[in-house]
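Quick notes on the structure that follows.
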Amino acid sequence: MLSFITSNLLEWYSCHARPLPWRENPTPYKVLVSEVMAQQTQVNTIIPYFERWIERFPTITDLANASLQDVLSIWEGLGYYQRARHLHQAAQKIMSEYGGEIPSNIKDLLSLPGIGRYSAGAIASIAFGLDEPALDGNIRRVLSRVFDISEPINTTRVEKRLQQLAADHLPTRMAGTYNQALMELGALVCTPKSPECAQCPLAQFCQARLLGVQNERPVKQIRSTVPHYTVTAAVIKQKDKVLIAQRPLRGLLGGMWEFPGGKQHESESLDACLTREIQEELGVTIKVGDSLGVYRHAYSHFRVTLHAFICALTNGDQPQPIQAENICWSKISELSNYPMGKIDRQIAKKLMENIHDHR
């Protein structure tokens, strides 16, 4: 028998579920891709990326056989690029260890790169109909309000309690719909700021609302100050080409291409920083020329202000990928062929604009 909470939730969802591309025909592959894309990213943002991805890699076999560069190119702009690398690795593991069939049980799903407890629960319930709860940010927020959880949400004890609450109200053989309904409620109604309680199907059960503390839930631990770094980048030109470097495959923006450079040290000028970084990274000396702009970006745990400069090599030495995965002299007109992070893509676009302006 369904609890009143679950009954109201499912009735609401049947009327308000958004028509999303992975819901039309929820194959295990589409569910896997959508759930990885949805990690730390809102649904409306991922829709065009998902559609391009499925067009380019329609099956798990296509994804497994693709190059990492193709994968990163399709993902470019969605951020958190480790997700793309993990999805690519997961596809290859599924082909080699599971005969090309995405596994359905939690244990095997958790063995795939980039799949944590939430994603495993979502895939198992939505794609395979297993009675597994799933806890994403939206579901945590809904449950913490409905049951007025006053402790910080990112603790082991609260995580266990949320898992139990989700499981307690999970309807047999309807877990996929139930999990999606909770996610949808958090995305559309029980939003982080100014939740629309008057529209909520769980309002009469919501303990935080009854106490008037819904805006204070979930409780989060105070985050430390986000660090800020000043960074330089060299746009090293040689005739109609510029030098770009591929970042190491592991770590931030792994496998993406960039204009080489790095962090400024304390009491170091921008010119000195860039000269040192290029010597360390590529083993060559440069002359730092005109500015090509200042760019700002916030990552998940830090912020950067990047200063880009037009540069030239000062001797006959050839750059070497000392700290990079690879380097390449690319025509400016062909920079779009290389997957880049947001700032480097902005620099590439500015170079393209400068070409057009001088024609």
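The values are calculated or read from the model by the stated rules, or taken from the named source; none is laboratory data. Note that the structure is a prediction, hence the values are computed from the model and not measured. We place every Cβ from the backbone using ideal geometry, glycine too, and count neighbours over all the protein chains shown.
Observations, loosely collected:
- Failed criterion for Thr155 (all others in (1) surrounded by fewer than 20 Cβ atoms within 10 Å (Cβ to Cβ); (2) of a type in the set (Ser, Thr, Tyr); (3) modelled with pLDDT of 95 or more hold): (3)
Listed here are the residues, each with its yes/no results for (1) at pLDDT 95 or above; (2) under 16 Å from Ile236 (Cβ atoms).
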position: Lys263; (1), (2): yes, no
position: Glu266; (1), (2): no, no
position: Ile310; (1), (2): yes, yes
position: Lys331; (1), (2): yes, yes
position: Ile355; (1), (2): no, no
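- Matching residues, segment 1-39, being in contact (Cβ under 8 Å) with a residue 24 or more places away in the chain, closer than 25 Å to Gly79 by Cβ and small (Gly, Ala, Ser): Ala38
- So Asn337, is it over 29 Å from Arg83 (Cα atoms), surrounded by fewer than 16 Cβ atoms within 10 Å (Cβ to Cβ) and among the polar types (S, T, N, Q): no
- Output for segment 187-208, where each listed residue is surrounded by 13 or more Cβ atoms within 10 Å (Cβ to Cβ) and outside any helix (DSSP H, G or I): Val189, Cys190, Thr191, Pro195, Cys200, Pro201, Leu202, Cys206
- For segment 209-245, a residue qualifies if it is in contact with a Pro (Cβ under 7 Å, 6 or more places away or on another chain) and outside any strand (DSSP E or B), and the qualifying residues are Gln214, Lys220, Gln221.
- Annotation: of all residues in segment 6-16 being surrounded by 15 or more Cβ atoms within 10 Å (Cβ to Cβ) and among the hydrophobic types (A, V, I, L, M, F, W, C), the one that is nearest to Phe147 (Cα to Cα) is Leu9.
- The set of residues in segment 104-134 being within 24 Å of the chain's Cα centre (by Cα), surrounded by fewer than 21 Cβ atoms within 10 Å (Cβ to Cβ) and assigned to a loop (DSSP other than H, G, I, E, B) consists of Ser104, Ser111, Pro113, Gly114, Gly116.
- Selection status of Arg359, at pLDDT below 95 and not acidic (Asp, Glu): yes
- Scope segment 27-48; condition more than 15 Å from Arg85 (Cβ to Cβ), surrounded by 22 or more Cβ atoms within 10 Å (Cβ to Cβ) and under 8 Å from the mean Cα position of the chain (by Cα); matching residues: Ala38
- Contact annotation: residue pairs with Cβ atoms under 7 Å, 6 or more positions apart or on different chains, pairing a residue in segment 327-339 that is touching a residue at least 40 places away in the same chain (Cβ under 8 Å) with a partner that is assigned to a loop (DSSP other than H, G, I, E, B) and surrounded by 14 or more Cβ atoms within 10 Å (Cβ to Cβ), are Ile327/Pro319; Ile327/Pro321; Ser330/Tyr338; Pro339/Glu76; Pro339/Met256.
- Taking first residues from segment 176-191 that are closer than 17 Å to Trp22 by Cα and partners that are hydroxyl-bearing (Ser, Thr, Tyr), the Cβ contacts under 8 Å between residues at least 6 apart in sequence or on separate chains come to Gly176/Ser125; Thr177/Tyr13; Tyr178/Thr6; Tyr178/Ser125; Asn179/Ser125; Gln180/Tyr13; Ala181/Tyr13; Glu184/Tyr13.
- Residues that are surrounded by fewer than 20 Cβ atoms within 10 Å (Cβ to Cβ) and acidic (Asp, Glu) were ranked within segment 237-290; the one that is farthest from Arg303 (Cα to Cα) is Asp240.
- Lone unmet requirement of (1) surrounded by fewer than 14 Cβ atoms within 10 Å (Cβ to Cβ); (2) in a helix (DSSP H, G or I) for Gly99: (2)
- The set of residues in segment 265-286 that are outside any helix (DSSP H, G or I) and within 28 Å of Arg85 (Cβ to Cβ) contains only Gly283.
- Selection from segment 20-52 of residues that are part of a helix (DSSP H, G or I), among the hydroxyl-bearing types (Ser, Thr, Tyr), farther than 15 Å from Glu184 by Cβ and in contact with a helix residue (DSSP H, G or I) (Cβ under 8 Å, 6 or more places away or on another chain): Tyr29, Tyr49
- The lone criterion from (1) surrounded by 16 or more Cβ atoms within 10 Å (Cβ to Cβ); (2) modelled with pLDDT of 95 or more left unmet by Arg52 is number (1).
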